[in-house]
Amino acid sequence: MADLAENLRTELVQIVGNDVPVEQGKISEETEADPRVFFQRDSEQADVLIGGGPGLNEAHFSVEIFGTDVAEVQALAEQMRALADDGGLNGKHGFFGLGEVLGVYVTDQDDDYEYRGMDADEGWHAAALDVQIFT
């Protein structure tokens with residue numbers, strides 16, 4: 001079974017297309033693509049029931065979109081933030097990549113969020129989302 005991060009990457013590629021690189025952990029220095037998407041797991045909590053069995057698992061991922069065209073960056077963020085019925089991630093449940101999820105919820109990052117995907121933002125526009133996944 002695929003890792004939750006791999007499943008998220010699969011879903012992001014389906015949304016943005018194969019021409020936009022989607023990278024986990026860091027943006028490769030060789031990548032000159034514009035726009036580009038970066039994502040990283042921020043936290044994960046697995047509940048355990050009193051009897052020792054597994055409970056609800058909750059994971060948070062930061063997803064960052066970078067590009068030189070602000071309209072394109074915002075359009076990609078809107079596509080990801082859209083409802084699942086409209087091709088986005090928000091409210092998605094059931095099949096997710098090669099696995100299954102109970103629910104996916106997408107919100108904007110806080111105003112004080114510090115971008116991690118790029119060291120410098122000279123000439124780049126950015127959008128950041130928090131993706132909450134329950135399994």
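Some points to look at:
- Among 38, 95, a tally of other beta-carbon atoms within 10 Å of each Cβ gives an order, fewest to most, of 95, 38.
- Inter-label distance, residue 68 to residue 32: 1.0 nm, where each label sits 7 Å from its Cα along the C-beta direction.
- Computed over region 88-135: relative contact order in percent, which uses C-alpha pairs under 8 Å that are six or more apart: 41
- Among (1) 1.58; (2) 0.96; (3) 1.07, the entry derived from the coordinates for Cα Rg over 2.2 N^0.38 Å: (3)
- Pair residue 44, residue 78: separation of 7 Å Cα→Cβ label points (nm): 3.3
- Take the Cα of residue 100, go 7 Å toward its beta carbon, and the backbone nitrogen atoms of region 34-73 under 19 Å from that spot belong to 47, 53-59.
- For the listed peptides 60-73, 99-112, 41-54, 79-92, a ranking on the average number of other beta carbons within 10 Å per residue, highest first, reads 60-73, 79-92, 99-112, 41-54.
None of the figures in this text is laboratory data; all of them are computed from the coordinates on show. Everything numeric here is computed off the predicted structure, so don't read it as measured data. Note that we place each Cβ from the backbone using ideal geometry, even for glycine, and neighbour counts take in every protein chain shown.
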